[in-house]
Each structure stands twice: as C-alpha cells, then as structure tokens.
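Right, one structure below, let's go through it.
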Amino acid sequence: MSEILVIGDDLTGTNATASAYARDGLRAVTVLDPTAPVDLDDSIQVVACSTGSRHMTPARAAQTVDAIVRNFGHDVRAIVKRFDTTLRGNIGAEIEATLTAARVMHPKQRICGLVVPGFPAAHRTTVGGYQLLDGEPILMSPASRDPFTPVRHSGVAGIIHEQTQLTTTNIGLDVVMGDTSTLADRLTRAAQDAELVIVDSVTDDDQQRIATAASALESDERSWVVFESGPFGATYAQRWEFVHMSIEPIPFWR
C-alpha cells in the first residue's frame, strides 16, 4: 500500500515532484499511463500520476482526476494535487474533483483542502492570497499570455472560483510567520469555515511551519487534501515518521 498519491497535470512537473520525495528517502514512482493496469511493489510509498490535463476541457480534466483518485487513492495516507506554479490549467475543476473523490472514499472524515501555492525556490510566492512571480503579480507575467490556458487573475481564490464554487478562505503571512500553535488554531478555524484554506508563503521556512501545524491536526476524524505547486507536498510528508526510515532509493519512473 502506498502512503502518498501525487497527481500532476503534466509529466515534467509530476516527475520533478516525485523526485523530491525520492530525495527524502521515500520509494517513489511516476506512473506514465494511470489509466492502464499497474502492478506496484508493496514497498512503493509514493505514487505520482500525470493526467496530462492542463489543456483539457475542465469537465474532462475533472473526470481524469476523479478516476485516478478512485484507482490509486484507497488507503493512502495523503492525496497531493500538484498544479502549475503560475496557476495555469484547470485549477478549480481539478481541485473540486480531487476533494470530492476523497470525500466519497472517506465519508466519515471531515476532509478539507489545504492550498499552498508558493514555490519559494522558484521565486513563486503567495502574499495576501495573491500569487507572485519574482515579486510581481502573475497577471503581469507571461502566464497571462499563455495561448492555451492564460491566467486571468493574480488572486488564488479568483482563479479557483473560475471553475468551482467551493468556498475559500486565506491565512496571511502574519499568521504563518508567527508561532506554530497559533497557526494550527487558525487552520482549525479556517477549515470549519471553508472547504479550501489558502495559505501564504514566501520562504521554505514558512512552508515548514505550515506543514508542522497542519500535520498536527490530522486525525481519524479530520484530514487534509493538499493542493500545491511542487515543494510543499514533500515538506508535508517530512512531518511523518516514515520519511526518516532508512530506505535504499529506487528509480522514480515506471
């Protein structure tokens, strides 16, 4: 049984994300064709699936994501949905499909979406709920001129709400940069108020604090589905004891 299911909307990003887990000592594979039967070794801890759905219609992208969650998501400890760092693609449709499928599989749990779009090492940051590239709103970046799926907002919630009516709330940097217990309390209250909690971050340390606070809230009654742009899922997994096991690395493609 794998511990983590990662779903990306393009192969390059999905494979890069799988490699981050492998560098942390987890056995990770990228599944090139998630629609085909796959016989995975029991030692595999991270299964990363690429949907190739960034330029699909929203409905088809949602169907593809739903099928992957239902096929690979049973009994995993976490589901991580990766999206583009500049928020291109079918962000809202794929978030809703992932969250809905997870809730169907775990009807007795309160499952909320934890949205951490920042990728500080790549100069993608989130401030006040707005996604920035090199300190500028993404609406001012080449992503707004993408010929297939251009971004039309710099606000993360605005992009999500183009394709879904899931409720959102934002936790700002002042809370993220404070103590972890306060952040955990704010995450708890935010998850009660909205279906998606969008969290600011500008540094890797910010994401470490978010991961620490959010993972501490996991229980049999409550869990997160993580939505992120690349680094946060692996950071979140580092909070779990099995990451520190001594494991020989294996290739992360299949």
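The values are calculated or read from the model by the stated rules, or taken from the named source; none is laboratory data. Computed from a predicted structure; not experimentally measured. Note that each Cβ is placed from the backbone with ideal geometry, even for glycine, and that neighbours are counted across all protein chains shown. Note: areas computed on protein heavy atoms with side chains; ligands, DNA, RNA excluded. Shrake-Rupley method; radii C 1.70, N 1.55, O 1.52, S 1.80 Å.
General remarks:
- Helical contribution to [θ] at 222 nm, DSSP H n ≥ 4, -39,500 (n - 2.57), averaged over the chain, rounded to 500: -10000 deg cm²/dmol
- Expressed as a whole percent, the accessible surface of the chain that belongs to carbon and sulfur atoms is 51, based on a 1.4 Å probe.
- Panel note: the C-alpha atoms of the stretch 81-146, placed on their principal axes, show extents of 42, 22, 18 Å (largest first).
- Loop-resident sites, the stretch 67-168, for trypsin sites (Lys or Arg not before Pro), counting at most 16 other Cβ within 10 Å (DSSP): R77, K108, R152
- Alpha carbon convex hull of the stretch 49-167, volume per residue in cubic angstrom: 110
- Taking all Cα pairs closer than 8 Å and separated by 6 or more residues, the relative contact order of the stretch 109-150 comes to 20 percent.
- For the chain: relative contact order, % (alpha-carbon pairs under 8 angstrom, 6 or more apart): 26
- Summed residue charge, Cβ within 12 Å of S141's Cβ, Lys/Arg positive, Asp/Glu negative: -1
- Those GluC sites (Glu not before Pro) in the stretch 137-245 that DSSP places in a loop and that have at most 10 other beta carbons within 10 Å: E221
- Here, the chain is characterised by an Rg to Rh ratio of 0.93, where Rg is the alpha-carbon radius of gyration and Rh the Kirkwood radius.
- Taking the Kirkwood radius as Rh and the Cα radius of gyration as Rg, the stretch 1-116 has a ratio of Rg/Rh equal to 0.93.
- Annotation: per residue accessible area for the chain equals 44 Å², rounded to a whole number [probe 1.4 Å, protein chains only].
- Calculated FRET value between H106 and Q192, using beta carbons and R₀ = 22 Å, to 0.05: 0.80
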